[in-house]
Number of protein chains: 2
Amino acid sequence: MPNAPALRARPANRLLAALPPKEYQRLLPELEDVTLAFAQVIYEPGDTIRHAYFPNDSIVSLLAAEDYHASLEVGMIGNEGMAGISVFMGVSTSRTLALVQGAGAAVRMKSAVLRRESDHVGSFHRLLHRYTHSLWTQMSLCSACNRFHTLNARLARWLLMTQDRIGTDEFRLTQEFMSNMLGVRREGVNKVAGELQRGKLISYSRGHMAILNRAGLERISCECYRIIKADSDLFLGKG
Amino acid sequence: MPNAPALRARPANRLLAALPPKEYQRLLPELEDVTLAFAQVIYEPGDTIRHAYFPNDSIVSLLAAEDYHASLEVGMIGNEGMAGISVFMGVSTSRTLALVQGAGAAVRMKSAVLRRESDHVGSFHRLLHRYTHSLWTQMSLCSACNRFHTLNARLARWLLMTQDRIGTDEFRLTQEFMSNMLGVRREGVNKVAGELQRGKLISYSRGHMAILNRAGLERISCECYRIIKADSDLFLGKG
DNA sequence: CGCCATATGTGTGTTTGCGCACCGATGACT
DNA sequence: AGTCATCGGTGCGCAAACACACATATGGCG
C-alpha cells in the first residue's frame, strides 16, 4: 500500500473528517495520496470517472465549457468536499470539465470503491447526500450571482472562496484563468483586478496572487460569499 | 383514502412510471392527487418542505430570487421529475423558491414518506439519484446558457422546455413571468417575443401563449435545449 | 545576456440589456 | 356600460461587457 496515508489519524479533508472515526479507519486503506498540479484536468466531458478526489489544500473547479473561449465555473471544490459526486449519483461519465484551480494535496478513491462504500445508507452515504445538497446550493446561488452582480463583487467573492479552500494568502493565479472561471473576458478581469490592487486589497504579478486585505474583500463581495460559506459550514457541522 | 389515484395503473409522471410496477403499487397509497394553480408558491426559502410533488402535466420552477425584482430560474420540473429533491438529500428546508409555472395536475407524497421510502438503496433510491444528477446537469448547462447565449435563443429554449412538460401548444404565460424566469427585464422579453411573434413562431396576447412553429423555435434555440432533453430522456430510459 | 512565451495594461467602437417613463389595449368585474 | 387592474409596446439615456487591436513588462531559458 505505497501511497496510503495510513499513519494519519485525522484527515485534512473535512468531508472525510466528518465521518465517524471507525468509518474513516475502514476507508483509509482505499485512500491514495496524490498531488494535483495547477491546471491539471481531472475529468473532461464524456470521460469515465475513475476516481473521486478529496482535496486537502487543493481546489478542483467544475466548469461548464461552451467552447475554448467561453467557460464558466459552476462549482468549486476544496477541503470541504469531493470531486466526482456523479459516481455517487450512479453516473460514471463526467458531464463537466473538472480542473485543478489550486495546486496541492488530495486523497483519492477508486470509483468502484466509492460505489461500494456508498451503496448502503450509512454515515458516508448520508454525508455525501448532504454534500450534494451543499454543492447544489452553491450552484444555484452562483447562477444568480453571475447573472445579477457586478464583476467587482463576483471577483471578490471568488477570491475569498479560493482563499478559504487553499488556506494561504498567496497562490498561483492569472487573469486569464480568472476570466475562465467568471465567464468574462480577460480584459474585464484586468479592469476590476487593477482596481482591487490599487485599493491595496490584493497584489498580483505574472500569475502570482496575494490577498492583502480580506476584510476589504468581504466588504466588496456580494452576500453570496457569506451565504455559501454559511451553508457549507452548516452541513459539515451537522455531519 | 380520499385523493389516492388508486385506479391508475400507470402513473402520468415519468419518474414514477420508471419504477418497477411492484414498487409503484407500494407507493400508490401514499400518493395524493393535487391540482397546482398558476403562480402558486410551493416552497419559499426557509420553508419546511412538507411534500414532494410529481407533476403530471404541471410545471414547477425552481428560482434563485435575489429580491423581488431579480429572480432567475435554476431548474424546471415537469413530468420527468420531482420537486422537493432536497428531502431526499437529507435537507428538509428549502433553499430556493419553487413556484408553479404551468398549472395542471400532480401527485404529491409526504416528506416523511419520501424519507422512509428512499432510506434504503432500492429502485426508488437509485431513480432519485439519477434524477438528481439529471437536474444537476440541467442546472450547470443553464448556468452557462444564461451567461453566454442571446436572449433570443434562451427564450426559444425555455418555451420548448415548457411545451415539452406541459404537453399542449397553448398555455398561460405573461412576459413579466418569462422575464422572472430568464432573469431579464420584461421590456427585454417584449423585444424578442415580438420578433418571434412577427416570425409566426409563437402568438400571444394578455397572458395567453401559443406555440405555432416548434421546428422554427428549435432552429432559433441554442444547443442547450437538445442537450438537456437528451440527458433527461437518457436517465428515464435507463431507469 | 538576449530572446521569447507569457502575463498584463489600455484604447476604440459596438452591442446588449438596464432603469425609467409612459402610452395603449383589453379582459374581467361591478 | 363603465371602471380598472393587468398586460403589452416603445423610446431614451446609460452602464457593462464585448470584440479586436496593440503596447508593455518580465521571468525563465538557451
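The values are calculated or read from the model by the stated rules, or taken from the named source; none is laboratory data. In this text, all values refer to a predicted model and were calculated from it rather than measured experimentally. When we count neighbours, we look across all protein chains shown, and the Cβ atoms used for this are built from the backbone with ideal geometry, even at glycine.
As a summary of the residue check, A:His120 satisfies the conditions (1) out of contact with any His (no Cβ under 9 Å at 6 or more places or on another chain); (2) part of a loop (DSSP other than H, G, I, E, B) except for the one numbered (1). For the residues A:Leu114, A:Leu155, A:Leu135, A:Leu128, the requirement of being modelled with pLDDT of 95 or more and within 16 Å of DNA strand C (Cβ to nearest atom) singles out A:Leu155. Scanning segment A:72-95 for residues that are of a type in the set (Gly, Ala, Ser) and more than 8 Å from chain B (Cβ to nearest Cβ) gives A:Gly78, A:Gly81, A:Ala83, A:Gly84, A:Ser92, A:Ser94. Candidates in segment A:212-228 are the residues that are surrounded by fewer than 21 Cβ atoms within 10 Å (Cβ to Cβ) and either within 14 Å of A:Asp169 (Cβ to Cβ) or within 14 Å of another protein chain (Cβ to nearest Cβ) (or both); of these, the one that is nearest to DNA strand D (Cβ to nearest atom) is A:Cys222. Evaluate segment B:31-49: report whether one residue or more is hydrophobic (A, V, I, L, M, F, W, C), touching a strand residue (DSSP E or B) at 6+ places or on another chain (Cβ under 6 Å), free of Cβ contacts under 8 Å to residues at least 60 places away in the same chain and surrounded by fewer than 14 Cβ atoms within 10 Å (Cβ to Cβ). Yes. Scanning segment B:174-195 for residues that are within 14 Å of chain A (Cβ to nearest Cβ), within 11 Å of DNA strand C (Cβ to nearest atom) and among the hydrophobic types (A, V, I, L, M, F, W, C) yields B:Leu182, B:Val184. Would you be able to say whether some residue in segment A:98-107 is within 14 Å of chain B (Cβ to nearest Cβ) and either touching a strand residue (DSSP E or B) at 6+ places or on another chain (Cβ under 6 Å) or without any contact (Cβ under 8 Å) to a residue 60 or more places away in the chain (or both)? Checking segment A:98-107: at least one residue is within 14 Å of chain B (Cβ to nearest Cβ) and either touching a strand residue (DSSP E or B) at 6+ places or on another chain (Cβ under 6 Å) or without any contact (Cβ under 8 Å) to a residue 60 or more places away in the chain (or both). Looking across segment A:193-210, the residues that are outside any loop (DSSP other than H, G, I, E, B) and out of contact with any helix residue (DSSP H, G or I) (no Cβ under 9 Å at 6 or more places or on another chain) come down to A:Gly194, A:Gln197, A:Arg198, A:Ser205, A:His208, A:Ala210.
Against the numbered list (1) in a helix (DSSP H, G or I); (2) away from every other protein chain (no Cβ under 14 Å); (3) within 16 Å of the chain's Cα centre (by Cα), A:Phe171 comes up short only at (1). Restricting attention to segment B:190-208, the residues that are closer than 14 Å to B:Leu173 by Cβ and either of a type in the set (Asp, Glu) or near DNA strand D (Cβ under 8 Å from one of its atoms) (or both) add up to 8. Residue count for segment A:212-232, restricted to those that are in a helix (DSSP H, G or I), out of contact with any Cys (no Cβ under 8 Å at 6 or more places or on another chain) and either closer than 16 Å to A:Thr132 by Cβ or free of Cβ contacts under 8 Å to residues at least 12 places away in the same chain (or both): 6.
Here the condition is being away from every other protein chain (no Cβ under 14 Å), touching a residue at least 12 places away in the same chain (Cβ under 8 Å) and closer than 25 Å to A:Asn13 by Cβ; of A:Met139, A:Met209, it holds for A:Met209 alone. Restricted to segment B:55-71, and to residues there that are hydroxyl-bearing (Ser, Thr, Tyr) and touching a helix residue (DSSP H, G or I) at 6+ places or on another chain (Cβ under 8 Å), the residue that is nearest to the other protein chains (Cβ to nearest Cβ) is B:Ser71. Among the residues of this structure, A:Arg126 counts as one that is within 11 Å of another protein chain (Cβ to nearest Cβ), among the basic types (Lys, Arg) and over 28 Å from A:Glu66 (Cα atoms). Scanning segment B:58-78 for residues that are modelled with pLDDT of 95 or more and in a loop (DSSP other than H, G, I, E, B) returns B:Ser58, B:Gly78.
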